[in-house]
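The values are calculated or read from the model by the stated rules, or taken from the named source; none is laboratory data. Remember, predicted model here, so these are calculated numbers, not experimental data. Quick reminder, even Gly has a Cβ in these numbers, built from the backbone with ideal geometry, and neighbours come from all protein chains shown. Quick note on the areas: whole protein, heavy atoms, side chains included, nothing else; ligands and nucleic acids left out. Shrake-Rupley method; radii C 1.70, N 1.55, O 1.52, S 1.80 Å.
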2 protein chains.
Amino acid sequence: MPKGQPTVVPDDGLTTRQRRNRPLVFVHTGMGKGKSTAAFGLALRAWNQGWPVGVFQFVKSAKWRVGEERALKVLGETGEGGTVAWHKMGEGWSWVQRDISSSEEAAREGWEQVKRDLAAESYRLYVLDEFAYPLHWGWIDTQEVISVLRDRPGTQHVVVTGRNAPQELVDFADLVTDMSKVKHPMDTGQKGQRGIEW
Amino acid sequence: MPKGQPTVVPDDGLTTRQRRNRPLVFVHTGMGKGKSTAAFGLALRAWNQGWPVGVFQFVKSAKWRVGEERALKVLGETGEGGTVAWHKMGEGWSWVQRDISSSEEAAREGWEQVKRDLAAESYRLYVLDEFAYPLHWGWIDTQEVISVLRDRPGTQHVVVTGRNAPQELVDFADLVTDMSKVKHPMDTGQKGQRGIEW
């Protein structure tokens with residue numbers, strides 16, 4: 001529960017309102033559960049504000065995120081909040097017509113579309129789900145990502161999730177939470193279950 | 001991304017399926033952001049499975065969770081997934097008719113209703129939002145909570161969020177994530193903003 005009063009008031013020439021409404025970059029990293037679920041929880045707030053939300057799912061498993069995907073799509077279609085666009089690497093991305101030969105290439109194609117959308121200000125909240133992996137593996141250049149995020153126009157919030165987020169991205173981000181695993185049922189032999197893991 | 005295979009197969013007499021579907025107690029604690037948002041993200045998965053979801057919001061601020069509340073209520077009303085019941089301490093709880101004199105009393109009344117609902121198997125997922133606080137402050141007895149959770153009937157998953165979750169509850173829970181704050185915009189003088197903090 002963050003307190004209402006910041007302890008530091010920076011000398012940045014901004015009013016409190018201007019500073020308050022600056023667009024943010026979030027990183028949810030660490031070995032524990034909750035990195036992506038927290039990002040999708042954030043998407044509920046964005047939806048409630050009427051913001052267009054863009055999800056880019058940088059994972060290949062078809063089972064992953066089915067609950068969140070359906071819930072957010074249903075919400076987007078009600079017309080009572082923001083719109084929701086859901087993009088899946090696992091289906092080869094809708095904007096790519098040719099065959100993609102590798103996960104690395106697929107991840108890069110995803111990032112190219114994120115760049116186009118940021119330039120076009122397509123969304124107000126971007127959930128780059130599991131995007132830390134292609135950065136960690138060096139498939140996408142972290143410095144380029146930071147540079148694009150730093151120069152993005154307008155008011156566009158971006159959440160990056162996934163283990164092993166590169167330190168440079170952590171240093172650059174505005175809000176970073178490390179989800180640490182204290183205990184997981186898998187440790188005592190319990191496999192993931194419907195409604196809980198997906 | 002948990003791997004599909006547990007490293008330990010316990011000698012508990014259960015089949016893999018029985019073990020997989022055991023009801024879980026989650027604790028999201030720590031000083032970082034994402035404890036409650038991850039719980040509401042989990043509620044999306046539950047909704048998608050058609051599970052009845054009960055949220056008990058153990059906080060008094062009217063501003064908190066407005067986005068999640070509206071989104072989950074809208075989802076619950078679509079009839080395309082589970083139902084959602086949202087209970088608020090900040091409004092004195094709907095089942096309490098008399099005036100409540102203190103936060104401590106209000107928290108206790110909340111817990112009494114959770115007990116009744118667990119006994120009646122009212123929901124399949126319980127989000128006890130910020131419930132770690134009244135436990136930490138000693139307003140509600142942690143041993144009693146553990147005892148009630150241990151003996152709860154049927155298949156009822158329970159998520160407890162909040163800083164300073166008591167160690168006994170952490171020891172008892174099946175899945176515990178510590179959300180550690182690495183960085184928060186408040187540290188550099190940026191106050192919470194609409195769509196992000198609520």
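Quick notes
- The Cα-based radius of gyration of the protein assembly as shown, divided by its Kirkwood radius, gives an Rg/Rh of 0.96.
- Label-to-label distance for A:Ser101 and B:Trp137 is 6.2 nm, based on points extended 7 Å past Cα in the beta-carbon direction.
- Restricting attention to chain A, lysine pairs at least eight places apart or on different chains and with alpha-carbon atoms under 13 angstrom apart total 5.
- Pairwise label distance in nanometres, A:Ser147 with B:Asp12, each label 7 Å out on the Cα-Cβ vector: 5.1 nm
- Each peptide in B:18-24, B:124-130 gets a packing score, the mean of other Cβ atoms within 10 Å over its residues, and the list from highest to lowest is B:124-130, B:18-24.
- Simple spin-label estimate for B:Thr155 and B:Lys115 gives 2.8 nm between the two label positions (7 Å along the Cα-to-Cβ direction from each Cα).
- For B:Trp93, the residues whose modelled amide H falls within less than 5 Å of its own, excluding neighbours fewer than 5 places apart on the same chain, are B:Lys88.
- Placed amide H near B:Leu24: partners under 5 Å, 5+ positions off or other chain: B:His157, B:Val158
- Karplus-derived 3J(HN,Hα), 6.51/-1.76/1.60, for each residue of region A:170-180, Hz, glycine and proline x: 4, 5, 6, 5, 8, 9, 10, 10, 9, 8, 9
- Amide H contacts of A:Val176 (H built 1.01 Å from N, under 5 Å, at least 5 apart or other chain): A:Val27, B:Val182, B:Lys183, B:His184
- The residues packed around A:Tyr126, meaning those with a beta-carbon under 13 Å from its beta-carbon, carry a net charge of +1 if Lys and Arg are +1 and Asp and Glu are -1.
- Look at the stretch A:167-174: the mean tally of other chain Cβ atoms within 10 Å of its residues' Cβ atoms is 2.
- Euclidean distance between Cα centres, region B:75-141 to region B:24-58, Å: 13 Å
- Volume of the convex hull of region A:27-179 (Cα atoms only), normalised per residue: 107 Å³.
- Peptide A:25-35 shows a mean partner chain C-beta count of 6 within 10 Å per residue C-beta.
- Dividing the helix sum by the residues of chain A, where each DSSP H run of 4 or more adds -39500 (n - 2.57), gives a mean residue ellipticity at 222 nm of -10500 deg cm²/dmol.
- When the charge dipole of chain A is built from unit charges on Cβ atoms (+1 for Lys and Arg, -1 for Asp and Glu) and taken about the Cα centre, the candidate among A:Ile100, A:Val170, A:Met186 whose Cα reaches farthest toward its positive end is A:Met186.
- Accessible solvent surface per residue of region B:20-180, calculated while the other protein chains remain in place, 1.4 angstrom probe, Å²: 37 Å²
- When only the Cβ of Lys, Arg, Asp and Glu is charged (+1, +1, -1, -1), the dipole of chain A relative to its Cα centre reaches about 720 debye.
- Charge dipole of chain A about the Cα centre (unit charges at C-beta), most positive-ward option of A:Asn48, A:Gly13, A:Thr29: A:Asn48
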